[in-house]
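The values are calculated or read from the model by the stated rules, or taken from the named source; none is laboratory data. Since the structure is predicted, the reported quantities are computational estimates derived from the model, not experimental observations. Cβ atoms come from the backbone with ideal geometry, glycine included; neighbour counts cover every protein chain shown. The accessibility values were calculated without ligands, DNA or RNA, using every heavy atom of the protein model including side chains. Shrake-Rupley method; radii C 1.70, N 1.55, O 1.52, S 1.80 Å.
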Amino acid sequence: MIIPLLLSSITLSLSNPNNIAITDAPICLTIPKKIQAEVKSATVMVDDQEIPCQLDDLDGNGIYDEIVFLVDFEPQDKRRAEITYSEEVVAENRYPARVHAQMWFKDNDKTKSYLEKKHIPTDSVSEVVDNMYSKMMHHGPAFENEMVAYRVYFDKKQSTDLYGKRKHQLELAEGLWYSSEVPELVKNRQFGDDIIMVGQTVSLGALRGWDDSLDDPNYELNEPNSKKKDPCLLMIEPFAWRQAQIVSKGPLRTIVDMNVKGWEYKGRIINVKSRYILYAGTRECEVTHFFEAADEGNKSLSDLEFVTGVMKVGIFNTDSTHLAGKRYFQNKAGLCGSFGKDWPDGNRKLYPCMQSAGLAVNIPNQYVTRLIDRREQILYGIHPDRRNRIQYRMAFCAPDKEGTDFVSEPWTYSSWVNWCNLWSRIKPIAVRRFLSDYTDDNDLGVIVH
């Protein structure tokens with residue numbers, strides 16, 4: 001028998017600086033570069049108990065470069081974690097999957113029922129003209145954990161769409177997002193469904209360009225129309241190449257990259273990688289946009305302004321305005337949100353009921369340039385930092401679906417605002433090296449998200 005080589009063991013001290021309990025707090029670290037090429041697996045012990053972990057190859061070179069694990073903390077709690085790296089190859093299903101990601105080329109055979117169709121799975125799709133949106137099942141990559149599901153449109157809008165759940169469970173592999181097409185899944189398995197109509201808005205946390213000079217005073221006066229966009233809001237076009245890629249599928253987090261090269265924006269040509277990370281056990285999704293100047297080398301793009309934010313849920317609901325709600329909030333610190341009720345789709349046969357949704361985006365103040373309150377959405381002007389990056393978090397709730405498994409009391413506008421304010425103030429877990437085989441502090445590479 002060949003005994004696998006244990007490459008390294010690193011011990012960490014983990015501290016919760018918050019006065020509230022934190023469950024499934026993500027701890028992310030770069031794997032020490034000295035051993036990255038040899039690492040095939042890892043084991044994480046927290047206070048002498050093994051917990052699931054995940055290794056990821058973020059740059060696609062075939063070598064794991066990051067490890068993540070999730071830890072529960074009491075208020076002001078301290079935990080001790082030991083990470084052991086090994087060259088042993090372990091089974092992919094070593095730990096139970098708590099997340100899922102999928103993308104498909106659509107089977108358009110109209111003679112088959114919804115579940116009979118044989119969509120072709122893929123982890124990567126690209127295009128040089130804007131024509132793949134209708135060829136993809138659910139229009140791009142979709143990803144979920146037990147609580148929520150997101151999808152990102154593979155087109156010039158790159159909008160995020162939202163799927164609310166009734167139970168803590170993974171559903172997309174069976175329901176393929178459109179569970180309304182399979183009523184027995186809703187009835188027998190209590191599957192969730194799509195909860196918002198995004199139209200031409202930023203939906204939740206989508207990146208857009210912005211040009212004040214295109215403003216039309218009549219736009220604010222006219223009735224909202226989901227088929228018309230705000231004239232100042234610029235889509236990601238023209239472009240030279242676009243790609244959607246599932247980087248990681250779990251078991252603890254999914255990572256999806258939306259890559260664009262050659263975006264012509266405000267006289268510049270730029271490349272953008274938009275990375276979406278969803279961890280198990282949370283309703284929030286992390287978003288990081290990596291910008292690169294394609295026309296002038298690595299020149300800083302901090303002078304370029306983009307926008308993101310939330311749509312005003314219910315703004316398109318003109319036939320039931322007394323039920324729409326249409327409540328929203330914002331502050332100067334980079335937090336904005338909305339809470340309302342609307343039809344999730346124009347097909348009233350498949351979607352016979354309106355759905356409530358609460359949306360929120362939390363942007364660190366360093367990226368914020370200004371607040372822009374528009375008819376259909378609350379936006380923040382944002383600009384890249386010195387590393388040409390913008391990072392923020394987004395979250396949502398599905399009040400008409402989420403029961404006591406999610407919240408102790410039904411969601412209201414006030415409770416959503418309170419949750420968002422608390423969420424925006426949560427500090428990351430503090431990580432420090434307790435003991436280590438390494439003397440190079442920089443080799444630890446703490447990334448805590």
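Restricting attention to the stretch 371-387, report how many residues are within 20 Å of the chain's Cα centre (by Cα) and either crowded, with 21+ Cβ neighbours inside 10 Å or under 21 Å from P428 (Cβ atoms) (or both). Please lay out each step first, then the result.
Applying the first criterion (within 20 Å of the chain's Cα centre (by Cα)) to the stretch 371-387 yields 377-384.
Now restrict to residues that are either crowded, with 21+ Cβ neighbours inside 10 Å or under 21 Å from P428 (Cβ atoms) (or both): 377-380, 382, 384.
Counting residues in the stretch 371-387 that are within 20 Å of the chain's Cα centre (by Cα) and either crowded, with 21+ Cβ neighbours inside 10 Å or under 21 Å from P428 (Cβ atoms) (or both) gives 6.
If a residue has to be of a type outside the set (D, E) and open to solvent by 50 Å² or more (accessible area, probe 1.4 Å) to count, how many in the stretch 394-420 make the cut? Outline the logic, then answer.
Pass one, the stretch 394-420, residues of a type outside the set (D, E): 394-399, 401, 403-404, 406-408, 410-420.
Next, only the ones that are open to solvent by 50 Å² or more (accessible area, probe 1.4 Å) stay: 404, 408, 410, 412-414, 418-419.
Result for the stretch 394-420: 8.
For the subset of the stretch 71-88 comprising residues that are open to solvent by less than 20 Å² (accessible area, probe 1.4 Å) and of a type outside the set (F, W, Y), which member is farthest from the chain's Cα centre (by Cα)?
Restricting attention to the stretch 71-88, the residues satisfying the condition of being open to solvent by less than 20 Å² (accessible area, probe 1.4 Å) are 71, 73, 81, 83, 85-86.
Pick out the ones that are also of a type outside the set (F, W, Y) and you get 71, 81, 83, 86.
Working: V71: 20, A81: 27, I83: 27, S86: 30 Å.
Filtering the stretch 71-88 for residues that are open to solvent by less than 20 Å² (accessible area, probe 1.4 Å) and of a type outside the set (F, W, Y), the one farthest from the chain's Cα centre (by Cα) comes out as S86.
When only residues in the stretch 319-336 that are touching a Gly at 6+ places or on another chain (Cβ under 7 Å) and open to solvent by less than 80 Å² (accessible area, probe 1.4 Å) count, which is modelled with the lowest pLDDT? Let's see the steps before the verdict.
Taking the stretch 319-336 and keeping what is touching a Gly at 6+ places or on another chain (Cβ under 7 Å), we get 324-329, 336.
Then keep just the ones that are open to solvent by less than 80 Å² (accessible area, probe 1.4 Å); that gives 324-326, 329, 336.
Details: A324: 69, G325: 72, K326: 78, F329: 95, C336: 97.
Within the stretch 319-336, the match that is modelled with the lowest pLDDT is A324.
Would you check if S126 is open to solvent by 10 Å² or more (accessible area, probe 1.4 Å), small (G, A, S) and assigned to a strand (DSSP E or B)? Explain how you work it out, then say what you get.
Values: open to solvent by 10 Å² or more (accessible area, probe 1.4 Å): yes; small (G, A, S): yes; assigned to a strand (DSSP E or B): yes.
Yes.
Matching residues to (1) assigned to a loop (DSSP other than H, G, I, E, B); (2) among the basic types (K, R); (3) at pLDDT below 90:
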| residue | (1), (2), (3) |
| --- | --- |
| N225 | yes, no, yes |
| K229 | yes, yes, no |
| I236 | yes, no, no |
| F239 | yes, no, no |
| Q243 | no, no, no |
| I246 | no, no, no |
| G250 | yes, no, no |
| T254 | no, no, no |
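For the stretch 192-222, enumerate the residues that are open to solvent by less than 20 Å² (accessible area, probe 1.4 Å) and either part of a loop (DSSP other than H, G, I, E, B) or basic (K, R) (or both).
G192, I195, I196, V198, G199, T201, V202, S203, G205, A206, L207, R208
Is there any pair linking a residue in the stretch 377-390 that is on the phi > 0 side of the Ramachandran plot to one that is open to solvent by less than 10 Å² (accessible area, probe 1.4 Å), with Cβ under 6 Å and at least six apart or on different chains, and which?
Pairs found: N388/L301.
Considering only the stretch 17-40, state which residues are over 22 Å from R253 (Cα atoms) and touching a strand residue (DSSP E or B) at 6+ places or on another chain (Cβ under 7 Å).
P17, I35, E38
What number of residues within the stretch 159-191 are open to solvent by 10 Å² or more (accessible area, probe 1.4 Å) and touching a residue at least 60 places away in the same chain (Cβ under 8 Å)? Working first, answer last.
Of the stretch 159-191, the ones open to solvent by 10 Å² or more (accessible area, probe 1.4 Å) are 166-170, 173-174, 176, 178, 180-181, 183-190.
Of the ones still in play, those that are also touching a residue at least 60 places away in the same chain (Cβ under 8 Å) are 166-168, 170, 173, 176, 178, 180-181.
Number satisfying all stated conditions: 9.
To keep it simple, each residue is scored yes or no on (1) basic (K, R); (2) touching a Lys or Arg at 6+ places or on another chain (Cβ under 9 Å).
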| site | (1), (2) |
| --- | --- |
| D193 | no, yes |
| S213 | no, no |
| S226 | no, no |
| I246 | no, no |
| K249 | yes, no |
| E264 | no, no |
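Residues checked against (1) part of a strand (DSSP E or B); (2) closer than 30 Å to E181 by Cβ:
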position	(1), (2)
I27	yes, no
K34	no, no
T43	yes, no
L58	no, no
V71	yes, no
P96	no, yes
K112	no, yes
